[in-house]
Amino acid sequence: MKVGPHRLSSPHLLGIREMSVRDMELVLETADSFKEVLARPIAKVPSLQGITVANMFFENSTRTRVSFELAEKRLSADVIQFSAQNSSATKGESLLDMVQNIIHMRVDMVVLRHPHPGAVHFLAQKIKAHLINAGDGTHEHPTQALLDAYSLREKWGNLKNRRILILGDVLHSRVALSSILCLRKLGAKVKICAPLFLIPPGIQQLDVEVEPRLEKALSWCEAVNVLRLQHERQRSLVLPSLREYAMYYGLKRAMLEKIGKTILILHPGPINRGIEIETEVADAPQSLILRQVENGVAIRMAVLYLLSSASR
Ligand code: CP
């Protein structure tokens with residue numbers, strides 16, 4: 001494994017907005033080395049021996065939670081799993097008090113998923129442990145964007161001038177902002193396709209184009225990242241009907257066949273099969289969805305390793 005004495009420019013991974021291009025490339029390159037480790041019969045290295053990581057999830061998660069836990073264990077860290085439902089959060093303890101108490105038990109790193117945008121940025125001003133944002137409300141999900149970029153980079157070598165479409169519920173998605181920032185910083189061109197009521201105002205300021213016609217948007221792109229329709233975040237009923245959404249914005253085999261070129265398919269999960277994507281498309285040969293999940297472990301190993309290097 002050729003991992004060198006590199007480190008990120010910040011002690012935390014708060015969001016892609018705060019990351020330099022060099023930081024992002026360092027994560028991607030370090031993940032290459034950890035993919036080699038993961039391919040070994042015994043996929044474990046001592047890089048985080050003596051380091052304790054608390055995974056604090058205040059929102060449900062399958063992929064991110066398991067992926068971080070696996071990444072930490074593959075790096076030989078000591079791991080604490082914290083779930084809000086079984087904690088003193090139910091007695092009214094504040095987030096800051098909880099995290100401060102946990103790090104005073106000599107925890108070195110905290111991986112935080114929280115429903116409030118900016119929760120991890122708030123903690124970063126108050127506490128000393130390394131913080132990793134595992135998704136903060138509708139704001140950012142930086143490790144998801146990095147693993148998506150990594151999965152495309154594996155196919156293409158680099159992302160310079162590649163044409164990537166982000167399709168679906170951009171308004172309620174934390175993946176969308178991280179993904180747009182990450183892809184643009186790595187040199188890709190990005191378009192957004194969704195009904196206008198699912199696109200946040202001012203999105204063009206992120207240097208992306210909006211194309212509300214799905215067929216036109218697909219004809220342009222080389223890869224499409226399909227976003228989940230986020231029922232649980234739709235406080236008001238912004239969506240007239242699921243059936244109508246699936247009809248006009250669901251990614252379907254028939255439309256891909258009509259366009260007649262191979263478009264790489266990504267989805268951060270969990271998938272609403274038959275709504276934003278047809279099963280035949282999610283499971284098609286050009287789908288990278290399970291590859292994204294696989295690469296997530298290497299990306300999270302890289303992030304944990306590089307952040308922990310800062311204190312060694
Ligand atoms: N992609 C993602 O964040 O999935 P989970 O919510 O299952 O972690």
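One table, with the values for the structure above:
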quantity	calculated
Residue-by-residue Karplus 3J(HN,Hα) for region 160-177, coefficients 6.51, -1.76, 1.60, Hz, glycine and proline x	4, 6, 5, 9, 10, 9, 10, 10, x, 7, 5, 4, 9, 9, 8, 5, 4, 5
Largest-first principal axis extents of the Cα set of region 241-312 (Å)	54, 29, 15
Charge-dipole axis of region 95-202 as Lys and Arg at +1 and Asp and Glu at -1 on Cβ define it, positive-most pick from GLN125, LEU95, PHE197	PHE197
Stokes-Einstein translational diffusion, region 42-188 - Kirkwood Rh over all Cα pairs, 0.890 mPa s, 25 °C, in µm²/s	148
C-alpha long axis of helix 142-156 to longest principal axis of the chain, angle in °	60
Cross-link pairs beyond the 27 Å C-alpha cut-off, checked among LYS155/LYS216; LYS185/LYS252; LYS185/LYS216	LYS185/LYS252
Partner aspartates and glutamates for LYS126 [C-alpha distance under 13 Å; skip if fewer than 8 residues away on the same chain]	ASP97
Karplus (6.51, -1.76, 1.60) ³J(HN,Hα), θ = phi - 60°, over region 27-32, in Hz, Gly and Pro reported as x	4, 5, 5, 5, 4, 4
Rg ratio (alpha-carbon, reference 2.2 N^0.38 Å) - region 9-118	1.17
Calculated P(r) of region 174-294 - Cα pairs past 18 Å, %	53
Whole-Hz couplings from phi, Karplus 6.51/-1.76/1.60, listed for region 292-299; x for Gly and Pro	4, 4, 4, 5, x, 5, 5, 4
Cα extents of the chain along the three principal axes, largest first (Å)	57, 46, 35
Choice from LEU165, LEU13, LEU290 with maximal GNM fluctuation in the chain (Cα, 10 Å cutoff)	LEU290
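Values in this text are rule-based calculations from the coordinates and carry no lab data. Predicted, not measured: the structure shown is a model, and the values here were computed from it. Glycine also receives a Cβ, built like all others from the backbone with ideal geometry; neighbour counts cover every protein chain displayed.
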